[in-house]
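Visitor: Please see the structure below; I have some questions.
The values are calculated or read from the model by the stated rules, or taken from the named source; none is laboratory data. Predicted, not measured: the structure shown is a model, and the values here were computed from it. No Cβ is skipped: glycine too gets one built from the backbone with ideal geometry, and neighbour counts run over all protein chains shown. Protein only, heavy atoms only, side chains kept; ligands, DNA and RNA dropped before computing areas. Shrake-Rupley method; radii C 1.70, N 1.55, O 1.52, S 1.80 Å.
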Amino acid sequence: AALRQHQRVAFVPTMGNLHEGHLSLMRAARAYGDVVVSSIFVNRLQFGPNEDFERYPRTLQEDCAKLESANVDHLFAPEESELYPQPQNFFIQPGSCYDSILEGACRPGHFNGVATVVAKLFNIVRPDVALFGKKDYQQLIILRNMVRELNMSIRVLGCGTIRETDGLALSSRNAYLGPDERAEAHRLYA
């Protein structure tokens, strides 16, 4: 609260296992805020029953070093019990126009979990501006609309996708790809 009185706060929420795509958001945040805050939280609510919540890479020590090198001022890395001290009964539901297309159609409930945790993080951090990668474009649009429709005084910015030399978008989950899958993955960009 003391920081917000005289300084603009820029916020970059993440699930950790940081790569250059995340760090580019941290560096861009400096242009929009006097103080840069990042969060690391692997959000159970956005994972489906057969998805990778348990094995999602958790690399907090390495991530802290990367955040320090990117000049992030503050890290918020809550435990699950801090964000969800009891079972979550209230959710932000983006609406059927999002659930019926693209990733929403393939991952039922995913965007409810994303919007709910981001709303909670926004309420805790209270940023002036929040930065997200355009790699997750549907998520970016949902969060922009959430902020607008819920009258949150936060500016949501989308930043360009950072790619490997062959065009594949950087992603924490790229580590799951075997050699054959990795050789084919760049074709998505093409």
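Visitor: Expressed as a whole percentage, what fraction of the accessible surface of the chain belongs to carbon and sulfur atoms when a 1.4 Å probe is rolled over the protein heavy atoms?
Guide: With neighbouring chains kept in place, the figure for the chain is 51 percent.
Visitor: Turning to a different aspect of this structure: For region 27-37, what does the Karplus curve 6.51 cos²θ - 1.76 cosθ + 1.60, with θ = phi - 60°, yield as ³J(HN,Hα) per residue in whole Hz, taken in order and with x for Gly and Pro?
Guide: 5, 5, 4, 4, 6, 10, x, 6, 10, 10, 10
Visitor: Any idea what the dipole of region 24-121 comes to, in debye rounded to 20, about its Cα centre with Lys/Arg Cβ at +1 and Asp/Glu Cβ at -1?
Guide: So the dipole magnitude of region 24-121 works out to roughly 180 debye.
Visitor: A further question follows. As a check on your grasp of the helix formula, calculate [θ] at 222 nm for the chain: sum -39500 (n - 2.57) over DSSP H runs of n ≥ 4, divide by the residue count, round to the nearest 500. Let's see the in-between values first.
Guide: Working: 9 runs with 74 residues, N = 190.
It comes out at -10500 deg cm²/dmol, rounded to the nearest 500.
Visitor: Around Val156, which amide H atoms from residues at least 5 apart in sequence, or from another chain, sit under 5 Å from its own amide H, with H modelled in the peptide plane?
Guide: Ala130
Visitor: Here's a follow-up. May I ask you to list the residues of region 49-87 whose amide nitrogen lies under 13 Å from a point 7 Å from Cα along the Cα→beta-carbon direction of Arg30?
Guide: 67-73
Visitor: Which one of Val72, His6, Met26 has its Cα pushed farthest toward the positive end of the charge dipole of the chain, where Lys and Arg give +1 and Asp and Glu give -1 at the Cβ?
Guide: The residue sitting farthest along the positive end of the dipole is His6.
Visitor: Rounded to the nearest whole Å³, what is the per residue volume of the convex hull around the Cα atoms of region 1-79?
Guide: 104
Visitor: Using modelled amide H (1.01 Å from N, peptide plane; none on Pro or chain starts), what sits under 5 Å from the amide H of Ile162, excluding residues fewer than 5 places away?
Guide: So Ile162 has HN proximity to Leu170.
Visitor: Using 1/(1 + (r/R0)^6) with R0 = 30 angstrom and r between the beta carbons of Phe76 and Glu103, what's the FRET efficiency to the nearest 0.05?
Guide: Computed FRET efficiency for Phe76 and Glu103: 0.70.
Visitor: Something else: Largest first, what is the accessible-area ranking of Leu75, Leu67 with a 1.4 Å probe?
Guide: From most accessible down to least: Leu75, Leu67.
Visitor: For the chain, give me the percentage of DSSP beta bridges that are antiparallel, rounded to the nearest 5 percent.
Guide: Around 5 percent of the beta bridges assigned by DSSP in the chain are antiparallel ones.
Visitor: While we're looking at this one, here's another question. Starting from 0.36 nm per residue, how many nanometres of slack lie between Asp52 and Arg155 once their C-alpha separation is accounted for?
Guide: This chain segment gains 34.0 nm when fully extended.
Visitor: Same structure again: Under a point-charge model restricted to the Cβ atoms of Lys and Arg (+1) and Asp and Glu (-1), what is the dipole moment magnitude of the chain relative to its Cα centre, in debye to the nearest 20?
Guide: The calculated dipole for the chain is roughly 620 debye.
Visitor: A follow-up question, please. Between Arg126 and Leu188, how high is the FRET efficiency from 1/(1 + (r/R0)^6) when r is the Cβ-Cβ distance and R₀ = 35 Å? Nearest 0.05.
Guide: 0.45
Visitor: Using θ = phi - 60° and the Karplus relation 6.51 cos²θ - 1.76 cosθ + 1.60, list the HN-Hα couplings for region 181-190 in order, rounded to whole Hz, with x at every Gly or Pro.
Guide: 5, 5, 5, 8, 4, 5, 5, 4, 5, 4
Visitor: Need one value: the accessible area of Tyr32 in square angstrom, 1.4 angstrom probe, rounded to the nearest 10.
Guide: Approximately 90 Å² for this residue.
Visitor: Could you state the principal axis extents of the C-alpha atoms in region 34-190, from the largest down, to the nearest angstrom?
Guide: Here the Cα extents, ordered largest to smallest, are 44, 40, 29 Å.
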